[in-house]
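Asker: Pasting a structure below so you can have a look.
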Amino acid sequence: MSVSLKELVHYIDQLLDVGRFRDYCPNGLQVEGRGEVRRLVTGVTACQALLDAAVAAQADAIIVHHGYFWRGEAEPVVGMKRRRLAALLQHDISLLAYHLPLDAHPELGNNARLGALLGITDSQPLRADVADAVGNIGQLPEPRSAAGLVADIARLTGREPLHVGNAGELVQRIGWCTGAAQSYIQHAVAAGADLFLTGEASEPTVHIAREEGIHFIAAGHHATERYGVQALGAHLAEAFGLEHRFIDIDNPV
Ligand SMILES: [Zn+2]
């Protein structure tokens with residue numbers, strides 16, 4: 001089975017409510033390839049290794065969370081940027097990228113998927129004051145030790161997370177936001193969370209955690225953002241009868 005590129009892009013743009021977000025990059029079709037899509041590859045970041053793997057897999061389209069054309073990046077098409085675009089254009093492969101809309105989707109999003117995989121329920125927006133904010137707050141079914149949650153995260157992601165806090169303390173109310181959302185620890189404090197989970201840490205985050213008395217976990221930017229695009233790919237494969245493969249390019253950050 002296959003779907004036209006035009007229909008696929010339109011479907012995803014609607015599904016993820018792309019127009020609702022002010023983002024740092026264009027969401028949707030970033031590089032146009034062939035008009036018909038049968039084989040779909042998904043990945044976290046449109047790095048060269050993912051493109052090479054998609055070429056080898058004879059993909060018609062690639063969907064990623066981290067695409068190209070970020071606000072503030074150098075515009076000339078030289079070096080790494082030329083090689084990446086050349087690989088896509090030479091092989092007639094489309095690149096679709098969904099950043100904040102894929103973080104935020106209530107079922108297929110990075111935050112929704114990570115929360116579900118960790119057994120967090122009663123999920124609410126972490127910030128009620130901003131309409132297109134990402135991040136959630138919810139509850140574990142019962143209080144449990146921070147160490148137990150850290151162990152679950154390590155099993156899920158295949159890497160040891162950074163944890164700031166007393167491992168033996170009980171936590172239940174969890175704020176989280178995938179990726180580089182360490183500054184949102186302040187919103188988690190304001191929302192009364194016992195623990196805030198994100199991908200990356202900054203030096204000040206540790207002091208905020210200690211002084212505000214909130215547990216902090218940095219579980220990896222890449223590691224926490226693998227789940228949304230996989231769920232989206234599986235959904236599209238089902239909806240349009242496409243072949244879909246998620247290709248994980250390891251990233252320790
Ligand atoms: Zn990210």
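Asker: Could you say which residue among HIS221, HIS207, HIS244, HIS215 is over 23 Å from LEU108 (Cα atoms) and touching a Gly at 6+ places or on another chain (Cβ under 6 Å)? Please lay out each step first, then the result.
Answerer: Values: HIS221 fails: over 23 Å from LEU108 (Cα atoms); HIS207 fails: touching a Gly at 6+ places or on another chain (Cβ under 6 Å); HIS244 fails: over 23 Å from LEU108 (Cα atoms).
Result: HIS215 is the single residue among HIS221, HIS207, HIS244, HIS215 that is over 23 Å from LEU108 (Cα atoms) and touching a Gly at 6+ places or on another chain (Cβ under 6 Å).
Asker: Does ARG71 satisfy being basic (Lys, Arg) and surrounded by fewer than 13 Cβ atoms within 10 Å (Cβ to Cβ)? Break it down stepwise before answering.
Answerer: Details: basic (Lys, Arg): yes; surrounded by fewer than 13 Cβ atoms within 10 Å (Cβ to Cβ): yes.
Answer is yes for this residue.
Asker: Examine region 94-116 for a residue that is assigned to a loop (DSSP other than H, G, I, E, B), among the small types (Gly, Ala, Ser) and surrounded by fewer than 17 Cβ atoms within 10 Å (Cβ to Cβ), and state whether such a residue exists.
Answerer: Step one: list which residues in region 94-116 are assigned to a loop (DSSP other than H, G, I, E, B), which gives 98-99, 105-109.
Still in the running and among the small types (Gly, Ala, Ser): 109.
The next check asks that each one be surrounded by fewer than 17 Cβ atoms within 10 Å (Cβ to Cβ); those that pass are none.
Scanning region 94-116, I find no residue that is assigned to a loop (DSSP other than H, G, I, E, B), among the small types (Gly, Ala, Ser) and surrounded by fewer than 17 Cβ atoms within 10 Å (Cβ to Cβ), so the answer is no.
Asker: Another question, if that's okay. Pick from region 179-210 the residues that are closer than 15 Å to ARG127 by Cβ and either small (Gly, Ala, Ser) or assigned to a loop (DSSP other than H, G, I, E, B) (or both): which of them is farthest from the ligand (Cβ to nearest atom)?
Answerer: The selected residue is GLY192.
Asker: Six or more apart or on different chains, Cβ atoms under 9 Å: show the pairs whose first residue is in region 171-184 and over 19 Å from GLY228 (Cβ atoms) and of a type in the set (Lys, Arg) and whose second is assigned to a strand (DSSP E or B) and more than 12 Å from the ligand (Cβ to nearest atom).
Answerer: Here the result reads ARG173/ILE137; ARG173/GLY138; ARG173/GLN139; ARG173/LEU140; ARG173/LEU195, each pair linking region 171-184 to a residue that is assigned to a strand (DSSP E or B) and more than 12 Å from the ligand (Cβ to nearest atom).
Asker: Which of the residues spanning region 140-160 are within 15 Å of LEU114 (Cβ to Cβ) and either open to solvent by 40 Å² or more (accessible area, probe 1.4 Å) or more than 16 Å from the ligand (Cβ to nearest atom) (or both)?
Answerer: In the first step, residues of region 140-160 are kept if they are within 15 Å of LEU114 (Cβ to Cβ); the result is 140, 149-150, 152-159.
LEU140, LEU149, VAL150, ASP152, ILE153, ALA154, ARG155, LEU156, GLY158, ARG159, listed by residue number.
Asker: Does region 118-132 include one or more residues that are touching a residue at least 12 places away in the same chain (Cβ under 8 Å), within 16 Å of the ligand (Cβ to nearest atom), outside any loop (DSSP other than H, G, I, E, B) and open to solvent by less than 50 Å² (accessible area, probe 1.4 Å)?
Answerer: Checked against the condition, which is being touching a residue at least 12 places away in the same chain (Cβ under 8 Å), within 16 Å of the ligand (Cβ to nearest atom), outside any loop (DSSP other than H, G, I, E, B) and open to solvent by less than 50 Å² (accessible area, probe 1.4 Å), region 118-132 yields no hits at all.
Asker: Evaluate region 18-36: report whether one residue or more is at pLDDT 95 or above, among the aliphatic types (A, V, I, L, M) and either open to solvent by less than 40 Å² (accessible area, probe 1.4 Å) or not assigned by TED's automatic domain parsing to the domain that holds LEU236 (or both).
Answerer: yes
The values are calculated or read from the model by the stated rules, or taken from the named source; none is laboratory data. The model shown is predicted, which means the values in this text are computed figures rather than measured ones. Here Cβ is always computed from backbone atoms with ideal geometry, including for glycine, and neighbour counts include all displayed protein chains. For accessibility, only protein heavy atoms count, side chains too; no ligands or nucleic acids. Shrake-Rupley method; radii C 1.70, N 1.55, O 1.52, S 1.80 Å.
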